[in-house]
Amino acid sequence: MSLGERIRNRRKQLGLKQLEIAEQLGMGRSNFGHIENDRVVPSSTDLDKIADILKTKSDYLLGKTNDPSLPNEDPYALTPKEENDIAIKLQKMMDELDSDTSVAFMGEVMDEEDKELLRLSLENAMRMSKQMAKKKFTPKKYRK
């Protein structure tokens, strides 16, 4: 697998877009696309930056190792795409609570502080359930 293919595969695993990475590198999306298509070889500093953005080692991108994870990296950590999905679902839930009807807990109307505590609790529950599902359904060959 080439350098560009490894970069593209890792980017897709993390749910990132070419534009997001290009902006972090200070280049245009098409320039980053040329790197992914092996038309351009990135400089060593750009390669290190790409590895940091993709949460991997430059050795993995160069094909020196087949393990993309960083040492002590949690294999069940949430990806940016999963974080975004949780944020969207949470926002939908909170929007439903903010409809015309009042939200009450034990007979008392919830104020903004109580709503924020509820939002934090829901977010924590969603994160934990996503991580538990990843642990449960990750095939044994991919477990550390």
Worksheet item: Of these, L54, L47, L19, which one is exposed (fewer than 15 other Cβ atoms within 10 Å of the Cβ) and out of contact with any Cys (no Cβ under 9 Å at 6 or more places or on another chain)?
Response: L19
Practice prompt. Please specify each residue of the range 60-113 satisfying the condition of being polar (S, T, N, Q) and modelled with pLDDT of 85 or more.
Written response: N84, Q91
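One line per residue, one yes/no per condition, for (1) of a type in the set (V, I, T); (2) in contact with a helix residue (DSSP H, G or I) (Cβ under 6 Å, 6 or more places away or on another chain):
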| site | (1), (2) |
| --- | --- |
| E36 | no, yes |
| L62 | no, no |
| I88 | yes, no |
| E108 | no, no |
Worksheet item: Has the range 23-38 got any residue that is at pLDDT 90 or above, of a type in the set (D, E), farther than 28 Å from T138 by Cβ and assigned to a loop (DSSP other than H, G, I, E, B)?
Response: yes
Worksheet entry | Residue, nearest to E5 (Cα to Cα), within the range 28-59, restricted to residues that are in contact (Cβ under 8 Å) with a residue 12 or more places away in the chain and among the hydrophobic types (A, V, I, L, M, F, W, C) | I35
Worksheet item: Taking interchain pairs and intrachain pairs at least six residues apart, which have beta carbon atoms under 9 angstrom, with the first residue in the range 121-132 and free of Cβ contacts under 8 Å to residues at least 24 places away in the same chain and the second outside any helix (DSSP H, G or I)?
Response: M132/Y76
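The values are calculated or read from the model by the stated rules, or taken from the named source; none is laboratory data. Just so it is clear, the model here is predicted, and its values are computed rather than measured. Heads up, the Cβs are rebuilt from the backbone with ideal geometry, glycines too, and the neighbour counts pull from every protein chain shown.
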